[in-house]
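In what follows, a structure is listed as structure tokens, so that the remarks can point back to it.
The values are calculated or read from the model by the stated rules, or taken from the named source; none is laboratory data. Keep in mind it's a predicted model, so treat the numbers as computed, not measured. So basically every Cβ, Gly included, is an ideal-geometry build from the backbone, and we count neighbours across all protein chains shown.
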Amino acid sequence: MTFNRIALSCAFAAFVAAPAFADDWRGWNIHPEDYPNSIALETFAAEVAEKTDGRIEPQVYHNAVLGAQPDAIEQVRNGGLDFANFNMGPMGQIVPATNVLSLPFIFQDVDQMHKVMDGEIGERFSDALAEEGLVALSWFDSGSRSFYTTSKAIQTPDDVKGMKFRVMNNDLYVDMVDQLGGNATPMAYGEVYQSLKTGVIDGAENNYPSYDSSNHFEVAPYYSITNHLIIPECLCVSVDTWESLSEEDQAIVKEAAVAAAKEQRALWAEREKASRAKVEAAGSQINEVQDPKAFQDKMGPVYEKFIEANPDLEKLIKDIQSTS
Ligand code: GTR
């Protein structure tokens with residue numbers, strides 16, 4: 001009898017400790033589990049679950065198992081998914097202001113990108129995203145992107161002539177490769193390895209950690225340092241999900257996202273070095289381009305066309321360029 005009463009009260013205590021209905025959040029991630037972004041997303045998920053006492057249980061789905069990035073952006077916008085780590089590249093097709101971040105050589109370096117995104121200009125991007133259903137809670141690093149190819153190193157813009165490159169889903173990148181005399185094919189990240197291997201494309205472009213984790217280095221061993229794109233990434237929550245939260249939970253989620261970004265940036269710095277060392281050891285040829293400015297000098301028409309189509313964004317471009 002006594003035993004039964006204790007057992008019953010324990011069961012009751014367990015029942016009241018766990019929230020009646022935990023809010024299960026589904027989070028999209030393109031990268032494998034050991035990638036800096038993935039580790040930071042897991043930290044975010046664990047912290048949100050802990051600090052909300054299990055009211056929210058975020059789960060991260062790695063390796064793009066929930067779909068390609070452009071589709072995932074749509075799903076977070078319409079509330080089908082709750083959160084994600086998105087690159088601002090494919091975002092440009094939906095939130096035009098974010099296209100400014102995809103202009104080649106818009107940032108001088110990654111430090112300037114951090115200054116811009118962590119300051120008032122970053123808030124302007126967050127506002128533009130919020131209007132399209134995405135709450136950007138913090139900004140992740142994605143380093144800088146360079147071209148890599150299957151058969152020869154790129155030294156000058158002339159070397160790009162006639163080559164076929166995979167780019168992310170954004171017309172700006174097609175214009176960028178056009179200006180270098182190459183052909184660009186927008187393609188999902190998950191299809192690039194096979195396309196490089198079978199010769200459907202001659203090259204692609206990315207940062208060292210993605211060049212490594214996607215195994216593209218195995219089939220495109222010439223990595224030429226052009227640093228032509230520096231594109232930030234967000235930890236974004238669906239507006240629907242966000243608006244369903246109490247103020248207290250919003251504060252918890254925001255704080256966890258900011259902490260996750262801090263962790264991601266620290267892990268990123270280490271991973272860039274480790275990935276470069278790994279691909280070099282595996283036989284990749286890292287080619288220090290002698291005159292990266294020659295590539296930048298070709299980008300005038302990309303800017304002109306963009307500003308002509310988006311005159312209201314010219315000031316934003318200028319504000320970024322003058323941030324120091
Ligand atoms: C990676 C980025 C991904 C994805 C990928 C790509 O660097 O983190 O979100 O945009 O590049 O090239 O598709």
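With the condition kept exactly as written, say whether any residue in segment 206-213 is in contact (Cβ under 8 Å) with a residue 12 or more places away in the chain, of a type outside the set (Asp, Glu) and over 22 Å from Gly67 (Cα atoms).
Yes, some residue in segment 206-213 is in contact (Cβ under 8 Å) with a residue 12 or more places away in the chain, of a type outside the set (Asp, Glu) and over 22 Å from Gly67 (Cα atoms).
Just to be sure I understand, how many residues within segment 226-245 are among the β-branched types (Val, Ile, Thr) and over 19 Å from Ser102 (Cβ atoms)?
3
Among the residues in segment 271-291, are any at pLDDT 95 or above, surrounded by fewer than 17 Cβ atoms within 10 Å (Cβ to Cβ) and within 20 Å of the chain's Cα centre (by Cα)?
yes
Pick from Asp71, Asp118: which is within 16 Å of the ligand (Cβ to nearest atom) and not β-branched (Val, Ile, Thr)?
Exactly one of Asp71, Asp118 is within 16 Å of the ligand (Cβ to nearest atom) and not β-branched (Val, Ile, Thr), namely Asp71.
Taking segment 292-318 on its own, how many of its residues are surrounded by 13 or more Cβ atoms within 10 Å (Cβ to Cβ) and basic (Lys, Arg)?
2
One residue is enough: does segment 85-96 have a residue meeting the conditions in a loop (DSSP other than H, G, I, E, B), farther than 30 Å from Asp312 by Cα and β-branched (Val, Ile, Thr)?
No, segment 85-96 contains no residue that is in a loop (DSSP other than H, G, I, E, B), farther than 30 Å from Asp312 by Cα and β-branched (Val, Ile, Thr).
Kindly provide the set of residues from segment 187-207 that are within 13 Å of the ligand (Cβ to nearest atom), within 11 Å of Ala220 (Cα to Cα), assigned to a loop (DSSP other than H, G, I, E, B) and touching a Gly at 6+ places or on another chain (Cβ under 9 Å), ordered by number.
Selection gives nothing.
Within segment 52-79, how many residues are in a loop (DSSP other than H, G, I, E, B), free of Cβ contacts under 8 Å to residues at least 60 places away in the same chain and small (Gly, Ala, Ser)?
2
Only one of these conditions is not met by Gly133: (1) within 16 Å of the ligand (Cβ to nearest atom); (2) within 19 Å of the chain's Cα centre (by Cα). Which number is it?
It fails just one condition, (1).
Which residue is farthest from Ser126 (Cα to Cα), if the candidates are limited to segment 54-100 and must be of a type in the set (Gly, Ala, Ser) and buried (at least 22 other Cβ atoms within 10 Å of the Cβ)?
Looking at the filtered set, the residue picked out is Ala72.
Return only the number of the condition from (1) surrounded by fewer than 23 Cβ atoms within 10 Å (Cβ to Cβ); (2) over 20 Å from the mean Cα position of the chain (by Cα) that Ser224 does not satisfy.
Condition not satisfied by Ser224: (1).
Kindly indicate the residue of segment 208-220 that is part of a loop (DSSP other than H, G, I, E, B) and out of contact with any Asp or Glu (no Cβ under 9 Å at 6 or more places or on another chain) and also nearest to the ligand (Cβ to nearest atom) among those meeting that condition.
For segment 208-220, the residue satisfying everything is Ser214.
Restricting attention to segment 89-109, report how many residues are farther than 20 Å from Trp242 by Cα and either of a type in the set (D, E, K, R) or touching an Asp or Glu at 6+ places or on another chain (Cβ under 7 Å) (or both).
1
Which one of the conditions (1) within 16 Å of the ligand (Cβ to nearest atom); (2) under 30 Å from Glu33 (Cα atoms); (3) out of contact with any Phe, Trp or Tyr (no Cβ under 7 Å at 6 or more places or on another chain) does Met176 fail to meet, given that it meets all the rest?
(2)
Given the structure, is Asp141 among the acidic types (Asp, Glu) and crowded, with 23+ Cβ neighbours inside 10 Å?
Considered against the rule, which asks whether it is among the acidic types (Asp, Glu) and crowded, with 23+ Cβ neighbours inside 10 Å, Asp141 comes out as yes.
Name the single residue, out of those in segment 150-173 being in a loop (DSSP other than H, G, I, E, B) and over 19 Å from Pro292 (Cα atoms), that is nearest to the ligand (Cβ to nearest atom).
Taking the candidates together, the pick is Met168.
Could you list, in sequence order, the residues of segment 279-304 that are out of contact with any strand residue (DSSP E or B) (no Cβ under 9 Å at 6 or more places or on another chain) and outside any helix (DSSP H, G or I)?
Selection gives Ala282, Gly283, Gln290, Asp291.
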